[in-house]
Amino acid sequence: MQTENPKQILFITGAFVSNDCWNEWKDFYESKGYKTIAPAWPHKDASAEVLRKRHPDPEVASNRLEHLIEHYEKIAKSFPEKPIIIGHSIGGLIAQILNQKGLASSVIAIHSVPPQGILSFKFSFLKAGWGPLGFFTSTKKTFLMNFSQWQYAFTNEESFEEQKLAYEQLAIPESKLVVRDTITAVAKVDFNAPHNPLLFIAGDIDHTIPHQLNYDNYKKYTHKNSITDYKLFPDRNHAVLGQSDWQEIALYILIWLQKQNN
């Protein structure tokens, strides 16, 4: 499947993972005729191994959601035309905010952190998020998931070998402030405003972002003349981008994008 007029895809990474999580996705979409870019968050343009060795990293710890939005807003504005934006987790939240700003031609929010005002009291959500929020600890130091936390929050239901490999390749230290900012006004979205096409992807075994959060996020958008879609995939955890059947989701997104251009 080749696009007649190749478009740019901007991938936005979530928290706690290296932007290398998009490598196979970039190859997939480039093979379909798209141009892709997956820039790192500020202070995180290094391998996962290097970033872990820097922990606790005061520069990464200083990142705020507002800074990330500005960072990706600048990148989105640098393209000759509005890019397709595909974001995972907090990257999905940033993608929604950039769509609100009119900077995307289409947005795909994969297992997205929801905007301000959408919460879950599901035990898995609270358990997965408690450590990263870092209450009662210094915000001048980064938070790095240990392997046990990674197994629960990202790679549940995968084999030990798959979990270990993913941790070694992708797990990185994170700013506690960024995580906390997701429940503040910085993460606010006007759900009644018109927006460009928006697709939510959810996974039914995600501990970090339970699929009900994605569905609630989807249902909040009420502008009747704007396209808002939702798709739930079975057996997908929060490390969905690297699960063995990731291409099924990538293909679904590709077909959805092509429909928006017809």
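The values are calculated or read from the model by the stated rules, or taken from the named source; none is laboratory data. Values in this document were obtained by computation on a predicted structure and should not be read as measured data. For neighbour counting, all protein chains shown are included, and Cβ atoms are generated from backbone atoms with ideal geometry for every residue, glycine included. Accessible surface is based on the protein model in full, side chains and every heavy atom, while ligands, DNA and RNA are left aside. Shrake-Rupley method; radii C 1.70, N 1.55, O 1.52, S 1.80 Å.
Looking only at residues that are open to solvent by 20 Å² or more (accessible area, probe 1.4 Å) and of a type outside the set (Lys, Arg) in the range 227-238, which one is farthest from the chain's Cα centre (by Cα)? Among them, the one singled out is 227.
Taking the criterion of being among the polar types (S, T, N, Q) and either assigned to a loop (DSSP other than H, G, I, E, B) or over 20 Å from residue 194 (Cβ atoms) (or both), the residues of the range 84-118 that qualify are 89, 105, 112, 116.
Looking across the range 28-49, just one residue is open to solvent by less than 60 Å² (accessible area, probe 1.4 Å), farther than 19 Å from residue 6 by Cβ and part of a helix (DSSP H, G or I), and that is 48. Look at (1) open to solvent by less than 90 Å² (accessible area, probe 1.4 Å); (2) under 22 Å from residue 109 (Cβ atoms); (3) of a type in the set (Lys, Arg) and you find that residue 52 fails only one, number (2).
Working only within the range 199-218, note down all residues that are open to solvent by less than 40 Å² (accessible area, probe 1.4 Å) and touching a strand residue (DSSP E or B) at 6+ places or on another chain (Cβ under 9 Å). Result: 199, 200, 201, 202, 203, 209, 210, 213, 214, 217.
What's the total number of residues in the range 50-83 that are in a helix (DSSP H, G or I) and among the charged types (D, E, K, R)? The number of residues fulfilling the criteria is 9.
Would you confirm whether any residue within the range 119-130 is aromatic (Phe, Trp, Tyr), assigned to a helix (DSSP H, G or I), open to solvent by less than 30 Å² (accessible area, probe 1.4 Å) and under 21 Å from residue 17 (Cα atoms)? Checked against the condition, which is being aromatic (Phe, Trp, Tyr), assigned to a helix (DSSP H, G or I), open to solvent by less than 30 Å² (accessible area, probe 1.4 Å) and under 21 Å from residue 17 (Cα atoms), the range 119-130 yields no hits at all.
Considering only residues in the range 1-27 that are at pLDDT below 95 and either of a type in the set (Gly, Ala, Ser) or open to solvent by 30 Å² or more (accessible area, probe 1.4 Å) (or both), the one that is nearest to residue 149 (Cα to Cα) turns out to be 7. Of the numbered criteria (1) open to solvent by less than 50 Å² (accessible area, probe 1.4 Å); (2) within 18 Å of the chain's Cα centre (by Cα), the one residue 193 fails is (2).
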